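Student: The structure under discussion is supplied below as structure tokens; questions concerning it will follow.
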Amino acid sequence: MLFKRLMLAAAIATAAVATQAHADALDSIMKSKVIKIAVPQDFAPFGSAGLDLKPQGYDIDMANLIGKELGVKTEIIPVTSANRIPYLQTNKADLVISSLGKNEEREKVIDFSIAYAPFFSGVFGTKEIAVASAADLKGKTIGATRGAIEEQALTAMAPDATVKRFEDNNATIAAFVSGQVDLIATGNTVAAAIAEKVPARAPALKFVIKDSPCYVGLNKNEPALLAKVNEIITKAKASGEIGKLSEKWLKAPLPPGF
């Protein structure tokens, strides 16, 4: 009996230590002087490789801003839509800043900051395609990136639609540009970039899937880190720093009330 009580006490103590260690992510970051931030590598203008092959975009600038405000080095970790949350859950990253939208399923496994970037997703296609709602998708093929919020939302709202899923955003865009799919489910900024680069396949908005601002993702039970990230975002909004990022990368001012 005494042995069982000792074992139980040891288990409780171990769990308490593990919980405490997990809850001290901010303390660990400050001690190591490094914050590991997962960012997109294939989703311009939020994150992509520049001419010098270094990551650039809204999310990269936001990641560097957070590191600067914390007074630590920012270690950029390129990810895709499919692996960004697993990178966070396996502690390969302290934060995910990867045009991440919020939904109930994701909220079960990670926490979110306040919004740091405006974004909406929709179904886009060339002007001659007559689509105005999810009900009009019958007989059309829609390209979407596996794991992205557009793919998840479209699957729910149009279960009978023919959705071709690709592993990264570049593959999804290439499928639309080449005519492999009729329509593309993506963000407004991606559609604008396609129109600029490939005018012959300029995507026009057919309907909005979701107004989905971007949030910083972090592991559950990290109240100190969450509070600090929210503090930095709030300060950057008030100072106009986030407004500058919107003008620089999204080519538009922040929407009213953002």
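Student: Of the residues that sit in segment 165-184 and are over 23 Å from Trp249 (Cβ atoms) and under 17 Å from the mean Cα position of the chain (by Cα), which one is surrounded by the fewest Cβ atoms within 10 Å (Cβ to Cβ)? Full working, then the answer.
Tutor: Our first condition is that a residue be over 23 Å from Trp249 (Cβ atoms); within segment 165-184, this holds for 165-167, 175, 178-183.
Narrowing further to those that are under 17 Å from the mean Cα position of the chain (by Cα): 166-167.
Working: Phe166: 21, Glu167: 15.
The residue in question is Glu167.
Student: Also, quick follow-up: In a loop (DSSP other than H, G, I, E, B), at pLDDT 95 or above and not hydrophobic (A, V, I, L, M, F, W, C) - does that describe any residue in segment 206-218? It would help to see each step written out before you state the result.
Tutor: Our first condition is that a residue be in a loop (DSSP other than H, G, I, E, B); within segment 206-218, this holds for 212-213.
Imposing the further condition that a residue be at pLDDT 95 or above reduces the set to none.
Among the residues of segment 206-218, not one is in a loop (DSSP other than H, G, I, E, B), at pLDDT 95 or above and not hydrophobic (A, V, I, L, M, F, W, C), which makes the answer no.
Student: I'm checking my understanding of the structure. Among residues of segment 231-258 that are of a type outside the set (Phe, Trp, Tyr) and assigned to a loop (DSSP other than H, G, I, E, B), which one is surrounded by the most Cβ atoms within 10 Å (Cβ to Cβ)?
Tutor: Residues of segment 231-258 that are of a type outside the set (Phe, Trp, Tyr), as a first pass: 231-248, 250-257.
Checking the rest, the ones that are also assigned to a loop (DSSP other than H, G, I, E, B) come to 240, 251-257.
On the way: Gly240: 11, Lys251: 11, Ala252: 12, Pro253: 12, Leu254: 17, Pro255: 11, Pro256: 5, Gly257: 4.
Among residues in segment 231-258 that are of a type outside the set (Phe, Trp, Tyr) and assigned to a loop (DSSP other than H, G, I, E, B), the one surrounded by the most Cβ atoms within 10 Å (Cβ to Cβ) is Leu254.
Student: Within segment 97-116, does at least one residue satisfy the condition of being polar (S, T, N, Q) and touching a helix residue (DSSP H, G or I) at 6+ places or on another chain (Cβ under 6 Å)?
Tutor: Filtering segment 97-116 down to residues polar (S, T, N, Q) leaves 98-99, 103, 113.
Subsequent filtering for residues that are touching a helix residue (DSSP H, G or I) at 6+ places or on another chain (Cβ under 6 Å) retains 98, 113.
Within segment 97-116, one or more residues are polar (S, T, N, Q) and touching a helix residue (DSSP H, G or I) at 6+ places or on another chain (Cβ under 6 Å).
Student: Restricting attention to segment 185-225, which residues are out of contact with any Gly (no Cβ under 9 Å at 6 or more places or on another chain), basic (Lys, Arg) and either surrounded by 15 or more Cβ atoms within 10 Å (Cβ to Cβ) or in contact (Cβ under 8 Å) with a residue 12 or more places away in the chain (or both)?
Tutor: If the condition is that a residue be out of contact with any Gly (no Cβ under 9 Å at 6 or more places or on another chain), basic (Lys, Arg) and either surrounded by 15 or more Cβ atoms within 10 Å (Cβ to Cβ) or in contact (Cβ under 8 Å) with a residue 12 or more places away in the chain (or both), then Lys220 is the only one that fits.
Student: Give me the pairs, please: first residue somewhere in segment 65-82 and under 30 Å from Ala144 (Cα atoms), second residue anywhere and assigned to a loop (DSSP other than H, G, I, E, B), beta-carbon distance under 6 Å, and either six or more positions apart or on two chains.
Tutor: Ile77/Ala93; Pro78/Gln41; Thr80/Asp168; Ser81/Gly147; Ser81/Ala148; Ala82/Arg146; Ala82/Gly147
Student: May I pose another question? Given the conditions (1) in the same structural domain as Gly47 (by TED's automatic domain parsing); (2) in contact with a strand residue (DSSP E or B) (Cβ under 7 Å, 6 or more places away or on another chain); (3) of a type outside the set (Gly, Ala, Ser), which single one is not true for Lys235?
Tutor: Single failed check for Lys235: (2).
Student: Condition first: under 15 Å from Lys127 (Cβ atoms), modelled with pLDDT of 90 or more and out of contact with any strand residue (DSSP E or B) (no Cβ under 6 Å at 6 or more places or on another chain). Now tell me which residues in segment 153-201 satisfy that.
Tutor: Gly179, Ile194, Val198, Pro199, Ala200, Arg201
So that you can scan it fast, the table gives a plain yes or no per residue for (1) surrounded by fewer than 16 Cβ atoms within 10 Å (Cβ to Cβ); (2) of a type outside the set (A, V, I, L, M, F, W, C); (3) touching an Asp or Glu at 6+ places or on another chain (Cβ under 9 Å):
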position: Lys108; (1), (2), (3): yes, yes, no
position: Phe112; (1), (2), (3): no, no, no
position: Val123; (1), (2), (3): no, no, yes
position: Lys127; (1), (2), (3): yes, yes, no
position: Ser133; (1), (2), (3): yes, yes, no
position: Ala144; (1), (2), (3): no, no, yes
position: Val163; (1), (2), (3): no, no, yes
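Student: How many residues are under 16 Å from the mean Cα position of the chain (by Cα) and not aromatic (Phe, Trp, Tyr) when one looks only at segment 212-229? Walk me through it before giving the result.
Tutor: Filtering segment 212-229 for residues under 16 Å from the mean Cα position of the chain (by Cα) gives 212-219, 229.
Now restrict to residues that are not aromatic (Phe, Trp, Tyr): 212-214, 216-219, 229.
Total meeting the criteria: 8.
Student: Separate question: Among the strands (runs of 3 or more DSSP E) lying completely within segment 51-165, list those that include at least 2 residues that are closer than 28 Å to Ala238 by Cβ.
Tutor: Values: elements: 73-79, 95-100, 110-117, 120-125, 141-145.
Those strands (runs of 3 or more DSSP E) span 73-79, 95-100, 110-117, 120-125.
Student: Within the bounds of segment 114-133, is there any residue that is charged (D, E, K, R) and outside the structural domain of Leu154 (by TED's automatic domain parsing)?
Tutor: First, the residues of segment 114-133 that are charged (D, E, K, R): 127-128.
From what's left, outside the structural domain of Leu154 (by TED's automatic domain parsing): none.
Looking for residues that are charged (D, E, K, R) and outside the structural domain of Leu154 (by TED's automatic domain parsing), one finds none in segment 114-133, hence no.
The values are calculated or read from the model by the stated rules, or taken from the named source; none is laboratory data. Just so it is clear, the structure is predicted and the values come from calculations on it, not from any experiment. We place every Cβ from the backbone using ideal geometry, glycine too, and count neighbours over all the protein chains shown.
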